[in-house]
Amino acid sequence: MGYTRKMLSGASSTWLEIDLSAIQGNLRQIQTITRRPVMAVIKANAYGHGLVEVGRAVAGAGAAWCGVARFEEALALRTAGIELPILVMGFSDPQHVPAAIAHHICLTVFRPDAAWAYAEQARAVGGRLVVHVKLDTGMGRLGVNAEEGPHFLQSLVNYPELHIEGLFTHLALADEPGLPVTAQQLARFGRAVAAVTAAGLRPALVHAANSAASLVQPEAWFDLVRPGIALYGLHPSSQTPLPAGFQAALAWKARLVSLKVLPPGHGVSYGFRYVTQGHERIGTLPVGYADGLRRQGGNLALVGGQVVPVVGTVCMDQCMLQLDHAPLAQPGDEVVLIGRQGQAALTAEMLAEAWGTINYDVVCGLAARLPRFYC
Ligand SMILES: *Cc1c(COP(=O)(O)O)cnc(C)c1O
């Protein structure tokens with residue numbers, strides 16, 4: 001496999017290697033933990049891992065559903081021939097309804113006016129739209145206020161063009177276990193589900209669990225779980241780490257394209273924010289902020305199995321490495337920004353820490369222009 005990857009990436013100066021079998025293994029771990037059907041959340045280009053490739057992989061590993069944020073993402077999956085049920089979890093313009101019906105794409109409803117507009121559109125094409133109703137149980141984002149949920153579902157009975165298949169909510173603090181918020185959200189959701197059930201309106205699929213809740217919050221599992229980050233082998237948070245057995249799927253690599261010894265007092269990169277102290281071995285990596293590397297300091301790379309610092313300002317398409325700790329480095333050498341090399345490893349979590357953000361942001365920020373190679 002290593003040889004194949006080398007062949008594939010041979011002409012690229014920087015690229016991503018994505019292990020789809022790791023994603024499939026992570027999906028099976030979640031199935032084993034929760035014993036629930038899994039809606040694989042593959043919005044945002046599958047958290048940077050590649051929408052269609054990951055969609056095929058999760059379909060092959062027994063995912064029951066795909067969850068995306070935007071209608072365009074759902075359409076791209078259908079265009080690629082992926083036949084799993086798909087839920088668009090964000091807002092969809094009513095103009096998408098005819099295509100949603102034609103392509104069996106489910107939309108989320110959380111506004112009475114949108115429900116009315118969806119029904120109008122469905123009626124116009126003589127079709128029936130499948131929808132999931134979103135309740136806000138405390139996140140303060142999308143969703144009908146949970147206490148108004150039963151009444152809202154009752155009002156949807158007037159729209160025979162809508163098939164209410166699901167009822168769901170989203171948890172704001174599931175990755176911070178021990179706080180009362182998640183229990184409060186689940187209690188509000190539970191009351192809404194009970195009221196809807198008592199009224200004979202319980203949809204077939206009730207769901208609430210993101211990755212963190214899929215790992216540690218069985219009361220959130222209901223009929224279906226909706227993990228995203230854990231599928232990619234990335235930790236939901238430092239307080240909700242993945243259990244053993246999950247595997248990071250993505251590596252980010254590049255080739256050293258230049259290496260020179262600069263004399264003492266030599267500036268490096270825009271603004272001369274780094275100036276050599278002695279004779280220093282400075283390498284150039286064809287990776288910049290347009291690839292998803294951040295401009296701030298603290299970036300690291302692996303060269304020859306050693307951790308080396310990125311020095312000077314990160315440019316749009318390049319950055320510089322200080323290679324005193326990699327005396328054998330040569331132009332053409334493989335450099336790792338995320339992944340393993342020898343005994344050393346750099347993770348998306350480490351980059352996130354250095355950048356003052358979260359691993360989600362690191363992988364979603366990996367640019368479209370990075371070639372992605374799959375194994
Ligand atoms: C993104 C998202 C998820 C997945 O969240 P993770 O923390 O990545 O597991 C689940 N549900 C909704 C509504 C989302 O927006």
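The values are calculated or read from the model by the stated rules, or taken from the named source; none is laboratory data. Because the structure is a prediction, the values reported are computed rather than measured. Here the Cβ positions follow ideal geometry from the backbone for every residue, glycine too, while neighbour counts run over all protein chains shown.
Quick notes
- Any hit, the stretch 10-18, residues being under 24 Å from residue 204 (Cβ atoms) and either out of contact with any Asp or Glu (no Cβ under 9 Å at 6 or more places or on another chain) or modelled with pLDDT under 95 (or both): no
- Unmet requirement for residue 357, which otherwise passes all of (1) surrounded by fewer than 17 Cβ atoms within 10 Å (Cβ to Cβ); (2) more than 16 Å from the ligand (Cβ to nearest atom): (2)
- For the stretch 214-259, taking the residues that are part of a helix (DSSP H, G or I) and within 14 Å of the ligand (Cβ to nearest atom), the one that is surrounded by the most Cβ atoms within 10 Å (Cβ to Cβ) is identified as 231.
- Scanning the stretch 150-182 for residues that are within 16 Å of the ligand (Cβ to nearest atom) and either more than 22 Å from residue 215 (Cα to Cα) or of a type in the set (Gly, Ala, Ser) (or both) yields a total of 4.
- Residues (more than 16 Å from the ligand (Cβ to nearest atom), closer than 30 Å to residue 113 by Cα and β-branched (Val, Ile, Thr)) located in the stretch 47-92: 79
Residues are listed down the side, and each one gets a yes or a no for (1) charged (D, E, K, R); (2) assigned to a loop (DSSP other than H, G, I, E, B); (3) out of contact with any Phe, Trp or Tyr (no Cβ under 9 Å at 6 or more places or on another chain); (4) farther than 19 Å from residue 276 by Cα:
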{"position": "295", "(1), (2), (3), (4)": "yes, yes, no, yes"}
{"position": "302", "(1), (2), (3), (4)": "no, no, yes, yes"}
{"position": "308", "(1), (2), (3), (4)": "no, no, yes, no"}
{"position": "314", "(1), (2), (3), (4)": "no, yes, no, no"}
{"position": "321", "(1), (2), (3), (4)": "no, no, yes, no"}
{"position": "327", "(1), (2), (3), (4)": "no, yes, yes, no"}
{"position": "330", "(1), (2), (3), (4)": "no, yes, yes, yes"}
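- Any hit, the stretch 85-94, residues being small (Gly, Ala, Ser) and either assigned to a loop (DSSP other than H, G, I, E, B) or closer than 17 Å to residue 193 by Cα (or both): yes
- Only residues that are among the small types (Gly, Ala, Ser), in contact with a strand residue (DSSP E or B) (Cβ under 7 Å, 6 or more places away or on another chain) and within 20 Å of residue 171 (Cβ to Cβ) were counted in the stretch 102-156, giving 3.
- Identity of the residue in the stretch 335-350, under 17 Å from residue 285 (Cα atoms) and in contact with a Ser or Thr (Cβ under 9 Å, 6 or more places away or on another chain), that ends up surrounded by the fewest Cβ atoms within 10 Å (Cβ to Cβ): 339
- Residue in the stretch 287-304 that is of a type in the set (Val, Ile, Thr), at pLDDT 95 or above, touching a Leu at 6+ places or on another chain (Cβ under 6 Å) and within 16 Å of the ligand (Cβ to nearest atom) present: no
- Residue match in the stretch 129-146 (condition: without any contact (Cβ under 8 Å) to a residue 60 or more places away in the chain, within 13 Å of residue 167 (Cβ to Cβ) and assigned to a helix (DSSP H, G or I)): yes
- In the stretch 275-295, the residues that are without any contact (Cβ under 8 Å) to a residue 12 or more places away in the chain form Cβ pairs under 8 Å with partners that are of a type in the set (A, V, I, L, M, F, W, C) and surrounded by 18 or more Cβ atoms within 10 Å (Cβ to Cβ), at six or more places apart or across chains, as follows: 275/268.
- Test: residue in the stretch 262-284 that is modelled with pLDDT of 95 or more, within 16 Å of the ligand (Cβ to nearest atom) and part of a strand (DSSP E or B): no
- Test set (1) of a type outside the set (Ser, Thr, Tyr); (2) surrounded by fewer than 19 Cβ atoms within 10 Å (Cβ to Cβ); (3) assigned to a helix (DSSP H, G or I) - residue 369 fails condition number: (3)
- Residues that are of a type in the set (D, E, K, R), more than 23 Å from residue 258 (Cβ to Cβ) and in contact (Cβ under 8 Å) with a residue 12 or more places away in the chain within the stretch 325-375 comprise 340, 349, 372, listed in sequence order.
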